[in-house]
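Asks: This is the structure I have questions about; it appears just below.
None of the figures in this text is laboratory data; all of them are computed from the coordinates on show. Keep in mind that this is a model prediction, so the values were computed, not measured. Heads up, the Cβs are rebuilt from the backbone with ideal geometry, glycines too, and the neighbour counts pull from every protein chain shown.
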Amino acid sequence: MRTNSAFLLEGKKDAPVIVMANSLAAGPEMWDAQVAQLKGSYQVLRYSYQGHGDTPPNQEVASIESLGTDLIELLDQLQIAQVYFVGISLGAMLGLYLAAKFPARVMALVAANFRPFQIELTKSQWNDRIALVKEKGITAIVDGTADRWLTESFRKNNPVEDQKIRQMIARTSAKGFIACASAVRDYDARQFAHEIQCPVLLISGLHDVAAPVAEFSVMREIIKQSSYLELEAAHISNIECERLFTDTVTNFLKANL
């Protein structure tokens, strides 16, 4: 089966492949800084979830399983057997699931700024966001989302980057957001994280209210081959702490080739 997932594949021909998986309501451009450094040594695959970027929506309610199927179908279509995986937020959630359920495909994993499971309060918050987008469209959540993604100080000092983030969120289709937000709401890595065998680098943001630092202890305990980094960032740490994030990921990938 051919997937409809829009993608970019660039970098060094015949080199190992790195998949870079976005947060919810984001596009491939969120990884521009990392790709600029990595594509000299690797092939880098960026793609868009259903209803994001140029990928059409195909479900009213997505799950981590269906999003995983989308990516596996894309890898099969491109004849890519094994990958190194870098994901943030929803992308990290997906990477953990794939590392557990498709161990022959994921050689090493960077999982940044994600919530390993939802509590009743956060499930309710996701239901509220989904209802708001159904009623008023994606523009209704742009500012609230962007304000959580980056610290206030970073936004004030980097207004151009802040506006790019808001424009990226606004380009997400309402259908795509609603479907993929359902996958985030229903996610629980405790059901499968113990199956992960590959090396894992966990990254959190000290100022991340969407994925609090305290919750990473659960994954650090379950995933035996894990290392951990805290960054002075909110939710989108690869942009707020671009240099340290990129250098740490680069070194982790080199160590696990």
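Asks: Is it the case that segment 73-92 has a residue that's in contact with a Phe, Trp or Tyr (Cβ under 7 Å, 6 or more places away or on another chain) and either farther than 27 Å from GLY205 by Cβ or assigned to a strand (DSSP E or B) (or both)?
Replies: yes
Asks: Determine whether ARG115 is under 28 Å from PHE252 (Cβ atoms), of a type in the set (Lys, Arg), within 17 Å of the chain's Cα centre (by Cα) and part of a loop (DSSP other than H, G, I, E, B).
Replies: Considered against the rule, which asks whether it is under 28 Å from PHE252 (Cβ atoms), of a type in the set (Lys, Arg), within 17 Å of the chain's Cα centre (by Cα) and part of a loop (DSSP other than H, G, I, E, B), ARG115 comes out as yes.
Asks: Filter the helices (runs of 4 or more DSSP H) completely within segment 138-231 down to those with at least 2 residues that are touching a strand residue (DSSP E or B) at 6+ places or on another chain (Cβ under 9 Å) and under 15 Å from SER89 (Cβ atoms). Show your work before the answer.
Replies: Numbers: elements: 142-149, 152-157, 159-170, 174-185, 216-222.
Those helices (runs of 4 or more DSSP H) span 216-222.
Asks: Taking the conditions exactly as written (free of Cβ contacts under 8 Å to residues at least 24 places away in the same chain and loosely packed, with under 15 Cβ neighbours inside 10 Å), does ASP76 satisfy them or not?
Replies: The answer is yes for ASP76.
Asks: A further question on this structure: Collect the residues in segment 11-29 that are farther than 14 Å from ALA170 by Cα, among the hydrophobic types (A, V, I, L, M, F, W, C) and surrounded by 24 or more Cβ atoms within 10 Å (Cβ to Cβ), keeping them in residue-number order.
Replies: Within segment 11-29, ILE18, VAL19, MET20, ALA21 qualify.
Asks: Can you tell me which residues in segment 20-49 are among the polar types (S, T, N, Q), out of contact with any helix residue (DSSP H, G or I) (no Cβ under 6 Å at 6 or more places or on another chain) and part of a loop (DSSP other than H, G, I, E, B)?
Replies: First pass over segment 20-49, keeping only residues among the polar types (S, T, N, Q): 22-23, 34, 37, 41, 43, 48.
Checking the rest, the ones that are also out of contact with any helix residue (DSSP H, G or I) (no Cβ under 6 Å at 6 or more places or on another chain) come to 41, 43, 48.
Matches in segment 20-49: SER41, SER48.
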